[in-house]
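All remarks here apply to the structure that follows.
Every number in this text was worked out from the coordinates using simple rules, so none of it is lab data. Keep in mind that what you see is a predicted model, and the values were worked out from it rather than measured. Quick reminder, even Gly has a Cβ in these numbers, built from the backbone with ideal geometry, and neighbours come from all protein chains shown.
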Amino acid sequence: MCGPTVSLCLLLWMVVMRVSRTQGQVAALTAPHAEVGRPVLIGCNLTMQTGETVKQVRWLDRHKRLLLAYLPTVPVRVSHQAPGVQLTASHSDGSHITITTVRPEDEGCYRCVFDVYPRGPLEGTTCIRVNGRVHMEGNQTAVSGKPATLSCRYNLPEKVQQVLWRKTAEQGDTTTVASFTKHGSHKTEEQYRGRVSLSRTLGDTRLTIQEVRTEDEACYTCEFHTYPDGTRRDRACLSVYVLPKPEVSHVTSSPGVGEANCTARSRPAAEITWNVGGDNRTLGPPTASAYEQGDGTTVVTSTLLFHPALLSDVSVQCVVHHPGLEKPLTVSVNTNN
C-alpha cells in the first residue's frame, strides 16, 4: 500500500517529476508524461536504517520483465541491461534510469526493487503516460491558381478522436476549415466547399486547396483531439504568390525622346530592371512607381527614357525579378532585335 504523497522537483534533463511514497521506504519519482521518440527519466530514492546495505538494484517493466539489474559497487557492476535502457545515476540511496526512445507500448508502471540486507527487498512504483508528438511541415509558398497541400502528423493515431483544421487570417480572425472524426464523419465548412479537401485519416492528415487564391494566405492550425491526452496542435503559414506577366510598350514622348514602359502585376511586388546592352544612350536612370491593388497584388511600372535611334541599334529588354520565379522574365521592347 502507498503512504502519504509528498512533492519533489528534480531538475534533470528538464523533466519535472512528482514523488509518491511506497511502504514508507522508497520514494518513486513519477514522470506522468513522456513523449514518443524522446527520452524519459524515471527514478527511486531509498530510505534505509542504520546498518543496512543495498546488495542489488533491479528495474522491472509493467509486464514484470527485467530491464536492468546491477550491483551498486564502485564502479557499478551491471548484470543485466535491456536494449534502450540506460543507468543514468546510482548512489547509496537512489537509482535513476533513462528509457532512451519512448514508444507507445512503454506506457505503464515500472518497479524499482532494492535488495536490502538484512531486511530484504524494498520496492517502489513509478508510472509513465505516453503522449504523442505533432509535426507539421514548415511554412509553405503556393502560386495563385495552383494546388497547395498542408500536411500534419501525430504519432499516436490510435488515441485520436478527431482531426480539425483552422485558418487564422492576417487580421487575426480564426475560422474552422474542415474536420474528420474517428467514426468517419467528415465536414468541410460551407465557404470552403468545392475547392478544399481533407484526407480521411487520423494520424497523417492533409488539407488540400485545389486552386489557391490570395485570400488563402494565412496561418493554418491542425488539431488532434485525443483521448485521454486532450488536444495536440501545430501551426504553419501559407504564403500566396501571384506571378508577374510583364507587358512592355514604347512611344516617342517628345522630339528626340523615346519612352519605354514595363508593367508587371504580382504578389509580392516585382522588381524591374533594364538591359540595354551596355549602351549609354539612355536619358538618365529609369523611374518606377508601384500601386497596391485591392486583391493584395501590386502593379509596378518602370519607365526608361532614351534616344529613339537606340532601338534600331541594340536590344532593349525589360527584366522582371520575382521570388516565385526560378529565373527572371525578359521581354524585349524592340521585338525585331
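Shown here: Kirkwood radius over Cα pairs in Å, derived from the displayed model; of the candidates [x] 19.7; [y] 25.9; [z] 21.7, it corresponds to [y]. Of all DSSP bridge pairs formed entirely within the chain, close to 95 percent run antiparallel. Taking a Cβ cut-off of under 10 Å around residue 180, the surrounding Lys, Arg, Asp and Glu residues balance to a net charge of +3, with basic ones at +1 and acidic ones at -1. Annotation: the residues 295, 234, sorted from fewest to most other C-beta atoms within 10 Å of their own C-beta, follow the order 295, 234.
Going Cα to Cα from residue 64, which lysines come in below 29 Å? Please leave out same-chain ones fewer than 8 positions away. Reachable lysines: 55, 159.
Going through the cross-link list 167/327; 146/167; 146/182, which pairs have a Cα-Cα distance over 28 Å in this structure? Can you show the working numbers first?
Values: 167/327 32 Å; 146/167 19 Å; 146/182 31 Å.
Flagged as over cut-off: 167/327; 146/182.
For the chain, a crude dipole built from +1 on the beta carbon of Lys and Arg and -1 on the beta carbon of Asp and Glu, taken about the Cα centre, is about 1600 debye to the nearest 20.
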